[in-house]
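This report refers to the structure that appears directly beneath it.
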Amino acid sequence: MTLSKTFVPYGAYWSTPFCRWQGSLAEQHAIKLAAQTASRCFTERKIAPDLIDEVVLGITVPQKQGFYGAPWFAALIGAQDITGPTISQACATSAAVLQASAHAIETDARRTVLAVACDRTSNGPHVYYPSPSGPGGKGEGEDVVWDSFNEDPHAGLAMIATAENVAREARIDRAQQEAMTLVRYAQYEAALADDRAFQRRYLVPVTLKRGKSSTEVAADEGVFPTTADGLAGLKPMLANGTVTFGAQTHPSDGNAGMILCTRDRAKELARDPKITIRLLGFGQARVKKGFMPLAPVPAAQQALARSGVVLADCKAIKTHNPFAVNDVYLCRELGLAPERVNNFGSSLVYGHPQAPTGLRAVIELIEELVTKGGGRGLFTGCAAGDTAMALVLEVC
C-alpha cells in the first residue's frame, strides 16, 4: 500500500557527526546526547516542542536508565506531556522508527511525530545474567556490543562471516570489493567539498563540556584515508577470506532525528514550504541463515512494489552497507552502476552507530534529491538476523 498522509518538513531533520569507537563521544550518554541535539535543532529551526504529539525512540545498545526510553527523552526536550514507544531492531532500527511514526500519521492517530535514533557502541555494557541453578550458583555474562557483533545465536556465526558467505556464493572477489570501496570513499569526499557544504545541510555539531572548558565536534571522526595501494596491503579479517578492514564499516557513536507529520504541518515547519517530502512505502525481508548482505535486495523490491514505484524512476539510492560486498551484490542484482548509489557518503565510510545509521542515510537521500530538483529515492540496508528494511520517498 502506498502511503498518502506522511510528510517530512524540509530541514526538520538532523544528524550529529558519527565518531569512531572509543572516540570523542565515547563517554556521552546516548539518550541524553540525542536530547541535547534535538533541543539545539528545535531552537535553531524555531520549532516548539509542544507541537510534537508523540516521540518514537530507536536505540540498540542499553544505556543507564534507558528503561524509561522515549518518555524520558520527551521530558528532556521539554515535551513532558507526551510519550511513545522505544524500538530496537538492530541495524534496521531507523527504518522501523520511521515506519512506526508513519503508521501513526497514516491512521490519523497523530499529527506530528518526532522520530529519533541514537546509539553509543563505545563502552558497551557488560551484562550479568544470574543463574542460581548454575554450577556454584554462577551466572552468565555478555558484552552486549562485542558479543552481538561476533555471534548470531541463530546462524551461529559473526556478521563478517555472512559477508564472506555471500562473497563466496556470489563470486564477489577482493578486487570487486576494493573497487567498490574506492568509489564509496570518493563519494564521501564529494560531501566535504566547499568546506563540507553538503554535510552542513543536516550535520549538527556537538558541544562537549569538560569542567569549565568545552570542545566542539563538527565533523565525522574515524574516516580512514583510502587508496588502492592501502587496501591492497591489508590482510583479510578471516582466514582464507576476502573481506579486509578497509572494505567494511567501523563501529561508532552518534544520533539523528526527523519530524514526520501531516501535509499542512509540514508546510508550517519547513525551511522552504515550496519543497514537499512524502514517504511512499516500506519493505522488509529476511534471507537464508548466514547470508545477511543478500537481504537489502528483496527489501528494496518490496518497498518499491508497495510504493508503486519502479527502480528506474529513482533519481537517488542510498544503502546501509557495512560491507562492500553488500553494494557489489545489490548493484549486480538490480543492474545499477556503483556511481548511481550512495552519492555523498555511506556507512561503509563514515561508520555505523547502529540505530541512527539508516536515518542519516535517509536524510542524505532527501538532500541529494533536493540538489537534483526533486524526484523519488530509495533507501535499503541490512540488519542482524539476515534481515533488511527499505523505504521509498519523494521530494517535489
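The values are calculated or read from the model by the stated rules, or taken from the named source; none is laboratory data. Keep in mind it's a predicted model, so treat the numbers as computed, not measured. No Cβ is skipped: glycine too gets one built from the backbone with ideal geometry, and neighbour counts run over all protein chains shown.
Does the range 305-319 contain at least one residue that is in contact with a helix residue (DSSP H, G or I) (Cβ under 6 Å, 6 or more places away or on another chain), more than 15 Å from Glu368 (Cβ to Cβ) and buried (at least 20 other Cβ atoms within 10 Å of the Cβ)? Checking the range 305-319: not a single residue is in contact with a helix residue (DSSP H, G or I) (Cβ under 6 Å, 6 or more places away or on another chain), more than 15 Å from Glu368 (Cβ to Cβ) and buried (at least 20 other Cβ atoms within 10 Å of the Cβ). Just a yes or no: is a residue in the range 167-189 within 20 Å of the chain's Cα centre (by Cα), under 26 Å from Phe291 (Cβ atoms) and either of a type in the set (D, E, K, R) or not in a helix (DSSP H, G or I) (or both)? There is at least one residue in the range 167-189 that is within 20 Å of the chain's Cα centre (by Cα), under 26 Å from Phe291 (Cβ atoms) and either of a type in the set (D, E, K, R) or not in a helix (DSSP H, G or I) (or both). Taking the numbered list (1) touching a residue at least 60 places away in the same chain (Cβ under 8 Å); (2) within 30 Å of Val144 (Cα to Cα); (3) buried (at least 18 other Cβ atoms within 10 Å of the Cβ) in turn, Ala70 passes all entries but (1). Of everything in the range 168-181 that's surrounded by fewer than 18 Cβ atoms within 10 Å (Cβ to Cβ) and not basic (Lys, Arg), which residue is nearest to Phe224 (Cα to Cα)? Ranking the qualifying residues of the range 168-181, first place goes to Ala179. Considering only the range 199-219, I want to know if a residue exists there that is of a type in the set (Lys, Arg), within 21 Å of Ala30 (Cα to Cα) and touching a strand residue (DSSP E or B) at 6+ places or on another chain (Cβ under 9 Å). Yes, the range 199-219 contains at least one residue that is of a type in the set (Lys, Arg), within 21 Å of Ala30 (Cα to Cα) and touching a strand residue (DSSP E or B) at 6+ places or on another chain (Cβ under 9 Å). State which residue is surrounded by the most Cβ atoms within 10 Å (Cβ to Cβ) when the search covers only the range 44-67 and only residues that are in a loop (DSSP other than H, G, I, E, B) and among the β-branched types (Val, Ile, Thr). Here the answer is Ile59.
Cβ-Cβ distances below 9 Å connect the following pairs, each with a first residue in the range 91-119 that is within 18 Å of Pro322 (Cβ to Cβ) and β-branched (Val, Ile, Thr), a second residue that is outside any strand (DSSP E or B) and at pLDDT 95 or above, and a separation of six or more residues or different chains: Thr93/Ile59; Thr93/Thr60; Thr93/Gln354; Thr93/Ala355; Thr93/Pro356; Thr93/Thr357; Thr93/Gly358; Thr93/Leu359. Where strands (runs of 3 or more DSSP E) fall entirely within the range 206-290, those with at least 2 residues that are of a type in the set (S, T, N, Q), at pLDDT 95 or above and within 20 Å of the chain's Cα centre (by Cα) are at 252-261. Could you please let me know if Thr86 is out of contact with any Leu (no Cβ under 6 Å at 6 or more places or on another chain), closer than 29 Å to Lys318 by Cβ, surrounded by fewer than 23 Cβ atoms within 10 Å (Cβ to Cβ) and among the β-branched types (Val, Ile, Thr)? For Thr86, the condition - out of contact with any Leu (no Cβ under 6 Å at 6 or more places or on another chain), closer than 29 Å to Lys318 by Cβ, surrounded by fewer than 23 Cβ atoms within 10 Å (Cβ to Cβ) and among the β-branched types (Val, Ile, Thr) - is not met.
Pairs are defined by a Cβ separation below 8 Å, a sequence spacing of at least 6 or placement on different chains, a first member in the range 369-396 that is within 22 Å of Ala295 (Cβ to Cβ), and a second member that is of a type in the set (Asp, Glu) and in a loop (DSSP other than H, G, I, E, B); the pairs so defined are Ala384/Asp152; Gly385/Asp152; Asp386/Asp152. Scanning the range 89-110 for residues that are assigned to a loop (DSSP other than H, G, I, E, B) and either crowded, with 24+ Cβ neighbours inside 10 Å or at pLDDT below 95 (or both) returns a single hit, Ala92.
With respect to Arg200, is the statement that it is touching a Pro at 6+ places or on another chain (Cβ under 9 Å), outside any loop (DSSP other than H, G, I, E, B) and of a type in the set (Lys, Arg) true? Here the answer is no, as Arg200 does not meet what is asked.
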